[in-house]
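Below is one structure, written out as structure tokens; the observations come after it.
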There are 4 protein chains.
Amino acid sequence: MREKLKVFIENKHVNNFILAVIIYNAIALGLLTYPSICQYIGKFLHQTCFACVIIFTIEMAIKLYVYGKNFFKDGWNNFDFILVAISWVPTGGAFSSFRAFRVLRALRALRLIVRLRRLRIIVQAIIESIPNVAWACLLLVLIYYIFAIMGTTMYAESFPEYYGSIGKTMFTLFQIMTLDDWGSEFARPMMEIYPSSWLFYLSFILTSSFIVLNVIVGVIVNAIGEISDRDKSEQHTSDIEIELEKLKKQIAVVENLLRKN
Amino acid sequence: MREKLKVFIENKHVNNFILAVIIYNAIALGLLTYPSICQYIGKFLHQTCFACVIIFTIEMAIKLYVYGKNFFKDGWNNFDFILVAISWVPTGGAFSSFRAFRVLRALRALRLIVRLRRLRIIVQAIIESIPNVAWACLLLVLIYYIFAIMGTTMYAESFPEYYGSIGKTMFTLFQIMTLDDWGSEFARPMMEIYPSSWLFYLSFILTSSFIVLNVIVGVIVNAIGEISDRDKSEQHTSDIEIELEKLKKQIAVVENLLRKN
Amino acid sequence: MREKLKVFIENKHVNNFILAVIIYNAIALGLLTYPSICQYIGKFLHQTCFACVIIFTIEMAIKLYVYGKNFFKDGWNNFDFILVAISWVPTGGAFSSFRAFRVLRALRALRLIVRLRRLRIIVQAIIESIPNVAWACLLLVLIYYIFAIMGTTMYAESFPEYYGSIGKTMFTLFQIMTLDDWGSEFARPMMEIYPSSWLFYLSFILTSSFIVLNVIVGVIVNAIGEISDRDKSEQHTSDIEIELEKLKKQIAVVENLLRKN
Amino acid sequence: MREKLKVFIENKHVNNFILAVIIYNAIALGLLTYPSICQYIGKFLHQTCFACVIIFTIEMAIKLYVYGKNFFKDGWNNFDFILVAISWVPTGGAFSSFRAFRVLRALRALRLIVRLRRLRIIVQAIIESIPNVAWACLLLVLIYYIFAIMGTTMYAESFPEYYGSIGKTMFTLFQIMTLDDWGSEFARPMMEIYPSSWLFYLSFILTSSFIVLNVIVGVIVNAIGEISDRDKSEQHTSDIEIELEKLKKQIAVVENLLRKN
């Protein structure tokens, strides 16, 4: 029985069917956001979406039965399991006021990443690049925090909307770091009250963009470093070593011939 | 006859003349957008533009006659053919209300790319780099779509203009990704109604810029990888191998001498 | 006595305790910016912050006693010393109106960088990359200055707010370089008075972004150059040299055998 | 006489004096833009600036006398000559209404680049990198032009301010490419009249940023390519070749010994 199910669940056509269900589900969730479409086929879409969840759950149950504990040894399977489990978070009835619950449905589309090998590789590459930049990000957060304390201490009274608390200031600083309207919205009105506040903005923008530049350079250099590492291990310098090995043997033959003489 | 036409169409001066016609046509189309200029020489410009189309068509007809089916074997020729064919889309009379038809005329200037080898190389390089980033772009679109469903589900009621439907939300998210006015136009007014919506903006900006960064890094790393591949094939490590080959022969001579003794 | 203190100050647990105090101090300074929190535990936070300063000072005093003059030979120690010294800048009483003094407290959080090796490495890398881009930055400043003189000379009368003096113009140019609202806020209103001013904006944006691009490329190329330098020194080409050395000895043996004959 | 002047003009102290004069002149031109400073020492500044021009002219005259025609063989000298010549463009009296003439004074500060070797190297590197990206820039201009014709043809009637003529449209497109306010200022108001105009904006932004990305990647890859070229010529692979040469000689000795036997 277990063997039969394993063959069934690993069958190419079954997998493609599940893939199609995932894509249909994603499109249906998108269509459900159009009120005009909801009026006509809203009920149908809701019902098929529920059918999708049933199919996902059956697939997951079969996989759990077939692979047992081994199923959870792969990180991607765990991720997949969570995505299916989230589908059962109640959204209607008494819970319909929790908008956040309904939002979780959209996450089901992430199952595509689990299913498509190429997407999985890219996501894995992105995740693996995180530790390399994690310390630089910690530095960025620290610089952020120090500037946030400074900004709040100095400007909270005059600009409570932007610098009222650490949280507000950090959001404002994030907006400034993305260079969004920093001049006309923040810096210029402030410079009319605190003429030397340009120093605060200038030092923050230069510091943060220099650190971000370092993060980006780090990612690029890492990626190139990996290429050159891969190159080295394949390098045909080893060809030369093989040639040298042959030469050595040839000379050893010559030596033996001489010793015999 | 066919041979004569082939010599004629591949003649350097004829090619330069066609190039000049393309450039004149592009400039004339530009001048036609100035009403003040149109008043004086508008008729002349229109007539010469039509003459350009005639010249292009004759050139294309000769090429088709000379090269026959082989003409369509090159992708650039197909592209060129389509550009000339588009010139005959009707724009005046009954069709003058289809503004989009008149716009297609501007595409004729793209013939310059077909004609100038250096531009063709760059365009080819850009097109060839697309498959390398296609999966990363698919991932980006998927993330986009999930955020769009989330955003529409949560904010459609309060902000119908920006988050009214999946389409509108995706446009808004694109605007946010380009960091254009995201703070003052979208995030701040929304945070007054949904105080925790900063999480939505922050996670979207960080996720999308990280993926975009990966796309850019991918393009750079690919370009550098190609250089290092080219380098390797030229590398004068092969010089060393030639030298080793010579050494081997020398030792073989020594061995033979010894064996004779 | 000095030996005992040295063991004490270099003890792992003591160091972790100091680290915890630094982090607590940073969090407390953040909490102090929330008026609602200040009301309840403001006094407690102020007192513990003062206790933190005492602990930092004692730690610093012990280190000065233990290491003597050698303490100041390390740049990081000097930086640490300054951060602790700044903690004693008066902020209350007669000095409470000097807001800038209170701001300096936030700098204490920078002690984290001194304490965490990984952060120190990143900061050192960033500092070391500065000389490589210093000249390019000088060039950028020079171009800035020339455009600032030009802008002030031309537009000071009509736009005193943006171009009233070299200082104002440089701030405006910085805002334009970050591409923040340059079109709608600066260029378009100005083009109504000075129609050819788009030339000023275009040339400034292109020049400055080209130089900035060169700075970024410089940083990336430097980082990659260092990798390839490190690679070369580790390269197993040296393996080949060792092999060649062995071959030489083998042949020398053959030669000796022949000479004996 | 000529020899004496040559020694004088190439003297280190004389050169440093000229450098100081250039810097003083730049600062004085900056100070002259402050009306409050002009009131007090404006006359003094004007007179010393004129003295600077005299000094520059004398220096240039000596150089022309000393080096003769050879002076113009170096591109930098030509540039320097033009900068000094520009200083004599009349700005006062009848010409005082030509604001542009007064602006040219600021260019004198560029003499710093001619004087400082490091700045000259950077500028030379930037200039040398231009041909590598020139074709990509031509492609960008072509794409620009085509989009400009399209935009003007489609939107000139409804948005004469932004799309009234090719020139206006190109400026608008440049602003869109820098992602400055493109959403709220251009795209959203237009989408209310032409609902499908998002296609125009999206395709332009994606196309132009992809080409710009290619230009940047080109600059980076070129810079890295140059490094790897330099590396190769220095590479100690040549060390291996020297070693192989020695081995060859050793074996030749062995061969000779054998032949003698």
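The values are calculated or read from the model by the stated rules, or taken from the named source; none is laboratory data. Keep in mind that what you see is a predicted model, and the values were worked out from it rather than measured. In this analysis, Cβ positions are derived from the backbone assuming ideal geometry, glycine residues included, and neighbour counts consider all displayed protein chains. Calculation scope for accessible area: heavy atoms of the full protein, side chains included, ligands and nucleic acids excluded. Shrake-Rupley method; radii C 1.70, N 1.55, O 1.52, S 1.80 Å.
Whenever a residue of region B:184-211 is farther than 19 Å from B:L139 by Cβ, its partners that are outside any helix (DSSP H, G or I) and of a type in the set (S, T, Y), lying with C-beta atoms within less than 7 angstrom and at least six residues away or across chains, give the pairs B:I193/B:S158. Of the residues making up region C:147-158, none is acidic (D, E) and within 28 Å of A:Y155 (Cα to Cα).
Taking region B:183-213 as the range and being over 27 Å from A:L31 (Cβ atoms) and buried (at least 21 other Cβ atoms within 10 Å of the Cβ) as the test, the residues that pass are B:G183, B:A187. Considering only residues in region B:156-183 that are under 19 Å from A:R102 (Cα atoms) and touching a Gly at 6+ places or on another chain (Cβ under 7 Å), the one that is nearest to the other protein chains (Cβ to nearest Cβ) turns out to be B:I166. Between D:F200, D:F186, the distinction of being part of a helix (DSSP H, G or I), more than 9 Å from every other protein chain (Cβ to nearest Cβ), of a type outside the set (A, V, I, L, M) and over 20 Å from C:A187 (Cα atoms) belongs to D:F200 only. All of (1) closer than 24 Å to B:V123 by Cα; (2) more than 24 Å from the chain's Cα centre (by Cα) hold for B:Y67 with one exception: (1). Among residues of region D:72-90 that are farther than 22 Å from D:I54 by Cβ, those with a Cβ under 6 angstrom from a residue that is of a type outside the set (S, T, Y) and surrounded by 12 or more Cβ atoms within 10 Å (Cβ to Cβ), sequence gap 6+ or separate chain, pair up as D:F72/D:N78; D:W76/D:V114. Considering only residues that are of a type in the set (A, V, I, L, M, F, W, C) and either more than 21 Å from D:I113 (Cα to Cα) or touching a Lys or Arg at 6+ places or on another chain (Cβ under 9 Å) (or both), look in region D:63-78 and name the one that is surrounded by the most Cβ atoms within 10 Å (Cβ to Cβ). By that ranking, first place goes to D:V66.
Results for (1) at the interface with another protein chain (Cβ under 7 Å from one of its Cβ atoms); (2) at pLDDT 75 or above; (3) under 19 Å from A:L244 (Cα atoms), shown as yes or no for each residue.
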residue: D:V221; (1), (2), (3): yes, yes, no
residue: D:D231; (1), (2), (3): yes, no, no
residue: D:Q235; (1), (2), (3): no, no, no
residue: D:I242; (1), (2), (3): no, no, yes
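Every condition in (1) within 28 Å of the chain's Cα centre (by Cα); (2) modelled with pLDDT under 85; (3) surrounded by 12 or more Cβ atoms within 10 Å (Cβ to Cβ); (4) not basic (K, R) is met by A:V21 except one, and the failing one is (2). Total residues in region C:117-155 satisfying the condition of being free of Cβ contacts under 8 Å to residues at least 24 places away in the same chain and of a type outside the set (D, E, K, R): the figure is 19.
The set of residues in region B:244-261 that are modelled with pLDDT of 70 or more and either among the β-branched types (V, I, T) or not in a helix (DSSP H, G or I) (or both) comprises B:I251, B:V253, B:V254.
Name every residue in region C:174-218 that is within 17 Å of D:L173 (Cα to Cα) and aliphatic (A, V, I, L, M), in order of residue number. Selection gives C:I176, C:L179, C:A187, C:M191, C:L199, C:L202, C:I205, C:L206. In summary, C:P90 fulfils each of the numbered conditions (1) at pLDDT below 85; (2) away from chain A (no Cβ under 12 Å); (3) open to solvent by 70 Å² or more (accessible area, probe 1.4 Å) with the single exception of condition (3). When region B:27-42 is filtered for residues that are part of a loop (DSSP other than H, G, I, E, B) and among the hydroxyl-bearing types (S, T, Y), the ones remaining, listed by number, are B:T33, B:Y34. State which residue is surrounded by the fewest Cβ atoms within 10 Å (Cβ to Cβ) when the search covers only region B:157-179 and only residues that are free of Cβ contacts under 8 Å to residues at least 12 places away in the same chain and in a loop (DSSP other than H, G, I, E, B). Filtering first and then ranking leaves B:E157.
The listed residues are C:A85, C:A106, C:A51, and the only one of them that is outside any loop (DSSP other than H, G, I, E, B), farther than 30 Å from C:M1 by Cβ and not hydroxyl-bearing (S, T, Y) turns out to be C:A106.
If you check A:L119, A:L107 for being at pLDDT 85 or above, in contact with a Phe, Trp or Tyr (Cβ under 9 Å, 6 or more places away or on another chain) and within 19 Å of B:F204 (Cα to Cα), only one passes: A:L119. Any residue in region D:116-135 that is more than 27 Å from the chain's Cα centre (by Cα), part of a helix (DSSP H, G or I) and under 30 Å from B:L107 (Cα atoms)? No, there is no match, as no residue in region D:116-135 is more than 27 Å from the chain's Cα centre (by Cα), part of a helix (DSSP H, G or I) and under 30 Å from B:L107 (Cα atoms).
Residues that are more than 22 Å from C:L112 (Cβ to Cβ) and either modelled with pLDDT under 85 or touching a His at 6+ places or on another chain (Cβ under 8 Å) (or both) within region A:128-155 comprise A:E128, A:S129, listed in sequence order.
For region B:141-150, the condition holds for at least one residue, the condition being that it is within 20 Å of the chain's Cα centre (by Cα) and either surrounded by fewer than 19 Cβ atoms within 10 Å (Cβ to Cβ) or over 18 Å from A:I122 (Cβ atoms) (or both).
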